[in-house]
Amino acid sequence: MAIYGVLILVVAIFLFWSAGLPNIKSEKLTFVMISLGLNIIATPLAFFIGGMATASPTSTMNDFWTGFLIVQGMPLLILIIVILKWIIIDRRKNK
């Protein structure tokens, strides 16, 4: 199981590092890459919290999603906003 944690950290560090590359900066993707890195780091924690929310015998799938979205909601919202902003800016730039 530790290999998955190392793999997640390596991918997140790679995304943070690649956010500073010149070709990423020229495409204005720096914030998108940082948001992806935050999502990759937050996802295992969100799955853990969601799984712990369903430990009770009376819990339902809604309890899992509540626990998951409490942790993952903000990074996911930031990623959606950044991608939409990048798409809108890119379309205006190409016109």
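The values are calculated or read from the model by the stated rules, or taken from the named source; none is laboratory data. Treat the numbers as computed from the prediction; the structure is a model and nothing was measured. Counting neighbours? That spans all protein chains shown, and the Cβs are built from the backbone with ideal geometry, glycine included.
Annotation note: Cβ proximity below 7 Å between a residue of segment 3-22 that is at negative phi and hydroxyl-bearing (Ser, Thr, Tyr) and a residue that is surrounded by 11 or more Cβ atoms within 10 Å (Cβ to Cβ) and assigned to a helix (DSSP H, G or I) (sequence gap 6+ or interchain) occurs for 18/24; 18/33. Going by what's in this entry, would residue 58 be described as in contact with a helix residue (DSSP H, G or I) (Cβ under 8 Å, 6 or more places away or on another chain) and at pLDDT below 90? Criteria not met by residue 58. Counting only helices (runs of 4 or more DSSP H) wholly contained in the chain, the ones carrying 3 or more residues that are of a type in the set (Phe, Trp, Tyr) occupy 2-18, 30-53, 61-94. For segment 19-28, state whether one or more residues are farther than 30 Å from residue 93 by Cβ and more than 11 Å from the chain's Cα centre (by Cα). No, that holds for no residue.
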